[in-house]
Amino acid sequence: SQRVLRSVDSRKDVDGFHPENVGKVAVGDPTGFRPATPYGVQQLLLRSGFATEGRHAVVVGRSVIVGRPMASLLLQDGPGGNATVTVCHSRTRDIGSITRQADILIVAIGKPEFVTGGMIKPGAVVVDVGVNRVEDPSLKKGYRLVGDVKFEDARRVAEAITPVPG
């Protein structure tokens, strides 16, 4: 996969996956392409009026597609940045004790309804990036889509939350 990524011209890499663009995001160089999903989350926070500056943002998931670039964007100096960032992943011990510290919780771990209401600080802003199919024999298609956050649980605790789907 790395050989394929390197074969793409970094100036045409709109996904921001080429090592050159990954590096530019990591160091805060705005001349490269930013990965669409993390940049979209950052814009969602900005345009919804949720300040990141000085807030504790916890990113659950360390993928090169969402988790790592999301952490880099939140750390950068400027609008949508200046957050204190913690990254958790599938091997993090007592993950709930860390997620309960988040003013802003961004979840992209790839596990259906992994984060429950008990893992969320009251009043936190929750952005669920996950999209998972779970079996649902009551539906004609046999499945339904859910996020990485247990929505009904979380919405009782969070100030704001993104639904999945939607």
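The values are calculated or read from the model by the stated rules, or taken from the named source; none is laboratory data. Here the structure is a predicted model, which is why all the values come from computation and not from measurement. Cβ: placed from backbone, ideal geometry, glycine included. Neighbour counts: every protein chain shown. We work out accessible area using only protein heavy atoms, side chains counted, and drop any ligands, DNA or RNA first. Shrake-Rupley method; radii C 1.70, N 1.55, O 1.52, S 1.80 Å.
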For this session: Please work out the average accessible area per residue across the chain, using the 1.4 Å probe convention, and give it in Å².
Result: 56 Å²
Problem set entry | Rg/Rh (Cα only; Kirkwood hydrodynamic radius) as it applies to region 101-151 | 1.07
Problem set entry | Folded to 0 to 90 degrees: helix 36-47 orientation relative to the chain principal axis, Cα | 70 degrees
Exercise. So, counting K/R as plus one and D/E as minus one, what does the shell of residues with Cβ under 15 Å around Tyr39 add up to?
Worked result: +1
Seminar exercise, completed: One finds, for Arg133 and Asp94 with R0 = 30 angstrom and r their Cβ-Cβ distance, a FRET efficiency to the nearest 0.05 of 0.55
Problem set entry | Longest exposed-site-free window of the chain, the sites being trypsin sites (Lys or Arg not before Pro) in a DSSP loop that have at most 13 other C-beta atoms within 10 Å | 1-90
Exercise. If Lys and Arg each add +1 and Asp and Glu each add -1, what is the summed charge of the other residues whose beta carbon sits under 9 Å from the beta carbon of Ala102?
Worked result: +2
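Efficiency by 1/(1 + (r/R0)^6): what FRET value for Thr86 and Lys141, r their Cβ-Cβ distance, R0 = 30 Å, to the nearest 0.05?
Efficiency for this residue pair is about 0.20.
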For this session: May I have the convex hull volume per residue, in Å³, for the Cα set of region 66-138?
Result: 116 Å³
For this session: Could you tell me what percent of the DSSP beta bridges with both partners in the chain are antiparallel, to the nearest 5?
Result: 20 percent
Problem set entry | Around Asp13: net Lys/Arg minus Asp/Glu count, Cβ-Cβ under 11 Å | +2
For this session: May I ask you to list the aspartates and glutamates whose Cα is less than 15 Å away from that of Lys12, ignoring any residue fewer than eight positions away on the same chain?
Result: Glu20
Problem set entry | Spherically averaged projected area in nm², based on the convex hull that wraps the Cα atoms of region 1-99 | 6.8 nm²
Exercise. Along the principal axes of its C-alpha atoms, what lengths does the chain span, in descending order and rounded to whole Å?
Worked result: 46, 41, 32
Problem set entry | Solvent-accessible area, 1.4 Å probe, carbon plus sulfur percent, for the chain | 51 percent
Problem set entry | Mean separation of Cα contacts under 8 Å, 6 or more apart, over the residue count of the chain: relative contact order % | 16 percent
Problem set entry | Eligible lysines near Lys121 by straight Cα distance, threshold 19 Å, same-chain separation 8 or greater | Lys150
Problem set entry | ³J(HN,Hα) computed for each position of region 56-67 - Karplus, 6.51 cos²θ - 1.76 cosθ + 1.60, integer Hz, glycine/proline x | 8, 9, 10, 9, 9, x, 10, 5, 6, 7, 10, x
